[in-house]
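Read-outs throughout are calculated quantities, based only on the coordinates presented, and are distinct from any laboratory measurement. Every value quoted in this text rests on a predicted model; they were computed, and no experiment measured them. Here Cβ is always computed from backbone atoms with ideal geometry, including for glycine, and neighbour counts include all displayed protein chains.
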Amino acid sequence: AAAMTALAEPLSQHRHVADVRQAGMMLAFELTQDGNKATPFPAASRIGLKAYRAALARGVVLRPLGDVLYWMPPYCVNGEQLQLLADVTRAAIDEATA
């Protein structure tokens, strides 16, 4: 969980990440138009689904609930896999919000 917190920190500064929440081994990124909770993406844009598909194409499953992306790795995940998760999440958010 501590490694996930550290890897999520740079993502918390992404221009489209309004909030990062964590409870143990579950971590969520709330995506908005400008990183402000008051400006969500239009529902029809389905940014969370786009990010999910972009990550899946890179071999990583993110759990989208609307425009909130979740990390829920198994407890046996290693540091290299968590780094891949973080790298793919950034790329998926970039692609979905371009």
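Calculate the tail of P(r) for segment 5-50: the fraction of all Cα-Cα distances greater than 15 Å, expressed in %. Looking at segment 5-50, the distances longer than 15 Å represent 44 percent of pairs. A cut-off under 14 angstrom between Cβ atoms defines the neighbours of residue 81, and their net charge, with Lys, Arg +1 and Asp, Glu -1, is -1.
Rounded to the nearest Hz, the phi-derived 3J(HN,Hα) couplings of segment 27-38 under the Karplus curve 6.51 cos²θ - 1.76 cosθ + 1.60 (θ = phi - 60°) are 9, 10, 10, 8, 9, 9, 4, 9, x, 10, 4, 7, where x marks glycine and proline.
Enclosing the Cα atoms of segment 23-98 in their convex hull gives a volume equal to 88 cubic angstrom per residue. Spin-label model, residue 90 to residue 61: label points 7 Å out along the Cα-to-beta-carbon direction sit 2.5 nm apart. In plain terms, the chain from residue 53 to residue 23 could stretch by 8.3 nm, reckoned as 0.36 nm per residue minus the Cα-Cα distance.
Sequence-distant contacts, meaning Cα pairs under 8 Å at least 6 residues apart, place the relative contact order of segment 18-84 at 31 percent.
Between the Cα long axis of helix 2-12 and the first principal axis of the chain there is an angle of about 20°, rounded to the nearest 10.
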